[in-house]
1. Compute the accessible area per residue over the chain, keeping the other protein chains in place, probe 1.4 Å, unit Å².
2. Which of rounded, prolate or oblate describes the chain when judged by the alpha-carbon gyration tensor and an a/c cut-off of 1.5?
3. Longer than 23 Å from Cα to Cα, which of Lys475/Lys533; Lys5/Lys561; Lys6/Lys134; Lys6/Lys27; Lys446/Lys561; Lys118/Lys250 are they? Say none if no pair is.
4. Please provide three numbers in whole Å: the alpha-carbon extents of region 69-111 along the principal axes, with the largest listed first.
5. Starting from the Cα gyration tensor of region 51-123, take the square roots of the eigenvalues, sort them a ≥ b ≥ c, and report rounded, prolate or oblate (rounded when a/c is under 1.5, otherwise prolate if a/b is larger than b/c, else oblate).
6. Determine the order of His450, His241, His126 by accessible area, beginning with the largest, at a probe radius of 1.4 Å.
7. Excluding same-chain residues fewer than 8 positions from Lys498, which aspartates and glutamates have a Cα within less than 18 Å of its Cα?
8. Determine the relative contact order of region 335-483: mean sequence separation of Cα pairs under 8 Å and six or more apart, normalised by residue count, in whole percent.
Amino acid sequence: MIEDKKLVTLLTSNSLIDEETLKAAQKDAKKNQSSLFAHVLENNLVDPSALYAQIAKFYNLELINLKNETIRKDILFLIPEPIAQTHEIIAFNRDERGISIATTDPTDLQTIEFLKKKLETDLVIHLTTPNSIKEALKQYHQSLEAEFQNISKSEEDVNNQDKDLKELAQDLPVVRIVDTLLEYAIFEDASDIHIEPTEKNLVIRYRLDGILRDVMTLPKSVQSGLVARIKVLSNLKLDEHRLPQDGRFKISSPQYKVAFRVSIIPVFDGEKVVLRLLNEAQKKLDLTDLGLQTRPFEILKTSIEKPHGMILVTGPTGSGKTTTLYTIMNVLNKPEVNISTVEDPIEYRMPRINQSQVNPKIDFTFAAGLRALLRQDPNIIMVGEIRDQETAEIAINAAMTGHLVLSTVHTNDAASTPQRLLNMNVQPFLVATTVIAIVAQRLVRKICKHCMISYNLDKKVVDQLKLHFDLDGIKEFLVKEGMISKQKSTFESILFYKGKGCKQCGQSGYKGRTGIYEVLDMTPKIAELIARKGTAEEIHRQAISDKMLTLTQDGFMKALKGLTSIEEVLRVTQE
């Protein structure tokens, strides 16, 4: 919140700390790689009220103590509780100047701007202490508890009649809880919301940057109302509790346009709801945004410019394959070509692209859809996934007859993808002649820029890494790439990065994700290996001698650049 130099001036000019304690604090803060401000507060070296009073003067803000303030419920709930807790910011008053906001960090401009747009009014910023915010946050629980009691009373009369569930879904506290859950998920850039019933309560979890995190626990009494509200939004049957249901709905505002894909399934303690968030307002990606290194980027760029052939993207579930395919389609999407897709499900709507959704209930499978598409005069075809022999054969034939085919396959790396097609009984020579490039990928979390620190690996960690990686080979590669000097003879002497954890990243040390890739170019030698049924190991060795950048090498390069951490590279490459 405040730079070390400015803080030192504030502390010394107002005699808040003696010189000796300050010097020791500066030394310890440097050693722990933390800010002087955080160190001073954590170790109670200064009275927080006195320090915040001086900071308020410095920023020309009013200091407020919310300890004994009773905040009106309608004003309090202007900021959803999860945002108030995570970012230590609270609305406490409203007058002709606008909405009065108390925060412990007036430099958190991202949150302040978000709230300004959301509330569509001026904000009057006040500074407050962490203890004052803690006291004010208790008022959320008091208000919600009172409302939960009302829900419980109304639930006592609820049997599973349609009318009662409809009324419950319109109940104001239920609507507010659901709105808060959805809004906070959008604000935090969550990809999924999990609503899980247990024996005694309801657990809400968000998937943030690929990792599930507990967000809140709600009383069991809100379960029926909350599920009913989501069913109403996504146009599902309210009185169906024994069968799985799928639906969709959208939320639009001037700031965002998000589609929610809803899946409800009966479990032992009720119905589990999972909502997938699809941000439709996101800017269309370009190839340069994917995070490919120079050589893989050139291979992929050249491959997608070819008039026919097959480009395959591979990796486990949740590794960003669909994003890569949509990015390629976005680059190819020009008026002079016809692009058609068969998907399950359609993740994003793309203008000028003919997207069709498979429906196995009526025998509209990938194979049936692909066969029909070939009669639609396409130039480029995208098949969501090749998972059986029929789809593989039609896709290969389409690639042979002058179409550019894009698709995904589930394999762990690029070299084992041809083997997967051979296992589907596709002829080896067909794979060798039609596939032009294979992209294997994983998603790694990016280190939070706000709390990034550098460090050296200790011997224990290096020994552990040796069990998973060929460190000597990686070191040789990094020297060749000019990323480390020959003098750095040991991994312990190389500087890596990690996030300490801060408010901006929810104390995780990570914010956002990027990809690590290996792109296998179909060179004559690799085509020859596939044609004579070469093993995945042989193909991998040949690809490396053809200078293919592997997932691990790309991961280590990004770890050295401070984009991600060694732990992340290990997590996604050693699954």
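1. 49
2. In terms of gyration-tensor shape, oblate.
3. Flagged as over cut-off: Lys475/Lys533; Lys5/Lys561; Lys6/Lys134.
4. Over region 69-111, Cα extents along the principal axes are 24, 22, 16 Å.
5. Details: a/c = 1.45, a/b = 1.26, b/c = 1.15.
Rounded is the answer for region 51-123, as its axis ratio a/c remains below 1.5.
6. Output order, biggest surface exposure first: His450, His241, His126.
7. Asp209, Asp458, Asp554, Glu567, Glu568
8. Contact order relative to length: 16 percent.
The values are calculated or read from the model by the stated rules, or taken from the named source; none is laboratory data. Predicted model only: the values in this text are computed from it and were never measured. FYI the Cβ positions are ideal-geometry reconstructions off the backbone, even for glycines, and counts take in every protein chain you see. Please note that ligands, DNA and RNA were not included when accessible areas were found on the heavy atoms of the full protein model with its side chains. Shrake-Rupley method; radii C 1.70, N 1.55, O 1.52, S 1.80 Å.
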